[in-house]
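Enquirer: Would you mind keeping the following structure in view while I ask a few things?
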Amino acid sequence: KYDPSNPASHSIVQTPEAELVQAERQWGNAYDAGFKGRFIVFHGSNPQTPRLLKDLHRRLKPDFRSYVEMTPHHALLNTEDSAKHGAHVKINPPIRPPQIQEELFEEILTGNVHMIGSDHAPHTAARKTGPKPASGTPCILAIPLLAHLLRERGISETRLEALLFHNANNIYFGGRLVP
């Protein structure tokens, strides 16, 4: 159970493994139903999720494509930030430990994450306090910082533009992904 006196407890209650279980379950439902659309995992917070989807595609060869979207805060924040910022970084899915955060960053750089999205939630300070603080953070402002850090780590401008703009348009409107 979430404990407001221990903000990192939110990350313990909703484990990274829960995302894998749900992604595999929902992917399996799509596969079993003969789905032919686009399967998208939004707000990926487990670096194993894109790897799982790749493996399922390799083994089962479905009639649909799978994509992973990630938010800036999952690449920029980790559970140590909970100690500094408390419920202001309480989000769903929760931020993860530093090692998982770094692995997520690597998944962006290696091309296994297809889009950077936002669940921009600019709650008031009052909504982020008390025994039941709202989940969400104003993360749209973090996109320039993420772009800067990705550039420092060697991402090409073409790939960065694809993550932030082109791939989402192409996924939703039927174009091809930019490598």
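The values are calculated or read from the model by the stated rules, or taken from the named source; none is laboratory data. Keep in mind it's a predicted model, so treat the numbers as computed, not measured. All Cβ positions, glycine included, derive from the backbone under ideal geometry; neighbour counts span all protein chains shown. All accessible areas refer to the heavy atoms of the entire protein, side chains included, with ligands and DNA or RNA removed. Shrake-Rupley method; radii C 1.70, N 1.55, O 1.52, S 1.80 Å.
Enquirer: Among DSSP bridges having both ends in the chain, what percentage is antiparallel? Round to the nearest 5. Don't jump to the answer; show the numbers that get you there.
Expert: Values: 1 of 8 bridges.
Here the share of antiparallel DSSP bridges comes out near 10 percent.
Enquirer: If you roll a 1.4 Å probe over segment 75-179 with all protein chains in place, what percent of the accessible area is carbon or sulfur? Present the calculation step by step, with values, prior to reporting the outcome.
Expert: Values: 3260 of 5480 Å².
Answer for segment 75-179 is 59 percent, counting heavy atoms of protein chains only.
Enquirer: For H120 and H57, what is the calculated FRET efficiency with R₀ set at 41 Å and r taken between the beta-carbons, to the nearest 0.05?
Expert: In this case the efficiency is close to 0.85.
Enquirer: If you don't mind, there's one more thing I want to ask. Mind checking which of N112, N78, N169 has the largest fluctuation in a GNM of the chain, springs on alpha carbons under 10 Å?
Expert: Maximum fluctuation in the GNM of the chain, among the listed residues, is at N169.
Enquirer: May I ask you to compute the full-extension gain from H148 to Q99, defined as 0.36 nm times their residue separation minus their alpha-carbon distance, rounded to one decimal in nm?
Expert: Taking H148 through Q99 to full extension adds about 15.6 nm, to one decimal.
Enquirer: Which one of N29, N92, N167 has the biggest mean-square fluctuation once the chain is modelled by GNM with Cα springs under 10 Å?
Expert: Fluctuation is largest for N29.
Enquirer: Still on this structure, please answer the following. Roughly how many nanometres apart are two label points built 7 Å out from the Cα toward the Cβ at R127 and F35?
Expert: The modelled label-to-label distance comes out at 2.9 nm.
Enquirer: Using only helices, what value at 222 nm comes out for the chain when you add -39,500 (n - 2.57) per DSSP H run of length 4 or more and divide by the total residues, to the nearest 500 deg cm²/dmol?
Expert: -13000 deg cm²/dmol
Enquirer: Could you give the accessible area per residue of the chain, probe 1.4 Å, as a whole number in Å²? If you can, show how the numbers build up before the last one.
Expert: On the way: 9480 Å² over 179 residues.
I get 53 Å² per residue for this part.
Enquirer: Farthest toward the dipole's positive end in segment 26-179, which of A147, P122, F64, given Cβ charges of +1 (Lys, Arg) and -1 (Asp, Glu) about the Cα centre?
Expert: It is F64, whose Cα lies furthest towards the positive end.
Enquirer: Just subtract the alpha-carbon distance of R25 and N92 from 0.36 nm times their residue separation and send over the number in nm, one decimal.
Expert: Additional length available on full extension: 22.2 nm.
Enquirer: Calculate what fraction, in whole %, of the accessible area of segment 1-61 sits on carbon and sulfur atoms when a 1.4 Å probe is rolled over the protein chains.
Expert: 55 percent
Enquirer: When the dipole is taken about the Cα centre of segment 92-179, and only Lys, Arg (+1) and Asp, Glu (-1) are charged at their Cβ, what size is it in debye, to the nearest 20? Can you show the working numbers first?
Expert: Working: 8 positive and 8 negative charges, 74 e Å.
The calculated dipole for segment 92-179 is roughly 360 debye.
Enquirer: Still on this structure, I have one more. In percent, what relative contact order does the chain have, based on Cα pairs under 8 Å that are 6 or more apart in sequence?
Expert: Value for the chain: 21 percent.
Enquirer: A further question on this structure: Using 0.36 nm per residue, how much length does the chain from T15 to N170 gain when fully extended, once their Cα-Cα distance is taken away?
Expert: Gain on stretching T15 to N170: 52.7 nm.
Enquirer: Further, regarding this structure: Ratio of segment 65-110's C-alpha Rg to 2.2 N^0.38 Å, to two decimals?
Expert: Working: Rg = 11.3 Å, N = 46, 2.2 N^0.38 = 9.4 Å.
For segment 65-110, the normalised Cα radius of gyration is 1.20.
Enquirer: If you don't mind, another one. Could you give the dipole magnitude of the chain about its Cα centre, charging the beta-carbon of Lys and Arg +1 and that of Asp and Glu -1, in debye to the nearest 20?
Expert: Charge dipole, the chain, about its Cα centre: 360 debye, nearest 20.
Enquirer: For segment 1-160, what ratio Rg/Rh do Cα atoms give with a Kirkwood hydrodynamic radius?
Expert: Here the Rg-to-Rh quotient is 0.99.
Enquirer: Across 5 Å bins from the origin, how do the percents of Cα pairs in segment 92-179 run, short distances first?
Expert: 3, 12, 19, 21, 18, 13, 8, 5, 2, 0
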